[in-house]
Protein chains: 2
Amino acid sequence: MKEQNQKKTGLVHVYTGNGKGKTTAALGLALRAAGSNMRTYIGQFLKGRQYGELESIKQLSPLITIEQYGLNAWVHVDKANPNQKAAAREGLIKATEAILSEKYDLVILDEINITLFFGVLPEQEILDLLDIKPDSVELVLTGRNAPQSLIDRADLVTEMKEIKHPFTQGIQARQGIEF
Amino acid sequence: MKEQNQKKTGLVHVYTGNGKGKTTAALGLALRAAGSNMRTYIGQFLKGRQYGELESIKQLSPLITIEQYGLNAWVHVDKANPNQKAAAREGLIKATEAILSEKYDLVILDEINITLFFGVLPEQEILDLLDIKPDSVELVLTGRNAPQSLIDRADLVTEMKEIKHPFTQGIQARQGIEF
């Protein structure tokens, strides 16, 4: 954080906004990192159903590890649901272990911003996690409605802004493209 | 284009804006598509140097094909440079062949928006290409400054908006993360 004019490792990225491309960009980062022989850990909060990306990511292993912390079905985000809260909490423990293990060059916490926005996980715990993150780890946080404290703390923030989306025209999500 | 309430193939996506994540999201789409056994062709306009993503994409072949249409070095976009214009033109021919071949479910034309913005390729030719695109092909166009005509014509448009970027803080591009 001090040497502004040097090559620096371990940035914090935030991909937020209401447009398509946040999780997808994180997957692209994992693919690019693997191309440079870097190891990636992806933890997906809230997601539990089968996503197309998991299949091809398996082919890239052992460089990419992926775990889903969500319940079996995609459910409404609800901090009052004790199962959801427990699942997110367990996910955060696993994610913290992955970050601190220094086994990974890139750690992606997918949809974590939403868990903060809805109060499923407390914002301060994530900020604390950023403080203890080893400098060797590049950390990527995705999901809509990233809290301002996270934006302030991150090194790189992109807002994916929906200009036009086919779902609003009645087209449904398709395997291989949206999930 | 007619059946608005049915599962529909062959959308046109545009990823534009000044933020990080456009090419990266396109790579993530290719990874996700491969996970569903779909074939992807990626044509990269303007890019000619070695990008980390190429290495890992090779591991996913034969589902993902990638070609770079750029000159050997990253150069300033300049429509007055005849070599650059010829390279982009040749790229467009290859891309058109890929789209019309129906060998690919997903075709990504990376950085093509910039070639339009700088007049290296004429906008109308791309619009014509969209008109003859087979419905089976999902087409993704990336790059800053997408022309309004393309935004109007696309089904899905996301603007990647830079909120904060480390390069503006003097940090340089790093292999495996930015390229």
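A:D128 falls short of the stated requirement of being within 14 Å of another protein chain (Cβ to nearest Cβ) and acidic (D, E).
The set of residues in the stretch B:131-152 that are outside any strand (DSSP E or B), within 10 Å of chain A (Cβ to nearest Cβ) and either under 13 Å from the mean Cα position of the chain (by Cα) or not aliphatic (A, V, I, L, M) (or both) comprises B:A146, B:D152. I'd like to verify a number: residues in the stretch A:57-106 that are modelled with pLDDT under 75, among the small types (G, A, S) and under 15 Å from A:A33 (Cβ atoms), how many? Looking only at that region, the number is 1. Being more than 13 Å from B:L109 (Cβ to Cβ) and in contact with a His (Cβ under 8 Å, 6 or more places away or on another chain) holds for only one residue in B:V140, B:V157, and it is B:V157. Do we have any residue at all in the stretch A:84-103 that's within 13 Å of chain B (Cβ to nearest Cβ) and buried (at least 16 other Cβ atoms within 10 Å of the Cβ)? Checked against the condition, which is being within 13 Å of chain B (Cβ to nearest Cβ) and buried (at least 16 other Cβ atoms within 10 Å of the Cβ), the stretch A:84-103 yields no hits at all.
Give me the pairs: first residue in the stretch B:106-127 and of a type in the set (F, W, Y), second residue modelled with pLDDT under 95, beta-carbon distance under 6 Å, and six or more apart or on different chains, which are they? Correct list of pairs: B:F118/B:V77; B:F118/B:K79. Annotation: of all residues in the stretch A:20-45 being within 7 Å of chain B (Cβ to nearest Cβ) and either in contact with a His (Cβ under 7 Å, 6 or more places away or on another chain) or surrounded by fewer than 24 Cβ atoms within 10 Å (Cβ to Cβ) (or both), the one that is farthest from B:F167 (Cα to Cα) is A:K20.
Looking across the stretch B:132-160, the residues that are surrounded by fewer than 15 Cβ atoms within 10 Å (Cβ to Cβ) and more than 23 Å from B:M38 (Cβ to Cβ) come down to B:N145, B:Q148, B:S149, B:D152. Scanning the stretch A:90-113 for residues that are over 11 Å from A:L139 (Cα atoms) and part of a loop (DSSP other than H, G, I, E, B) returns A:E102, A:K103, A:E111. Would you call A:I163 surrounded by 19 or more Cβ atoms within 10 Å (Cβ to Cβ) and touching a residue at least 12 places away in the same chain (Cβ under 8 Å)? It is false that A:I163 is surrounded by 19 or more Cβ atoms within 10 Å (Cβ to Cβ) and touching a residue at least 12 places away in the same chain (Cβ under 8 Å).
The values are calculated or read from the model by the stated rules, or taken from the named source; none is laboratory data. This structure is a prediction, so every number in the text was calculated from the model and none was measured. Backbone-built Cβ (ideal geometry, glycine too); neighbour counts: all protein chains shown.
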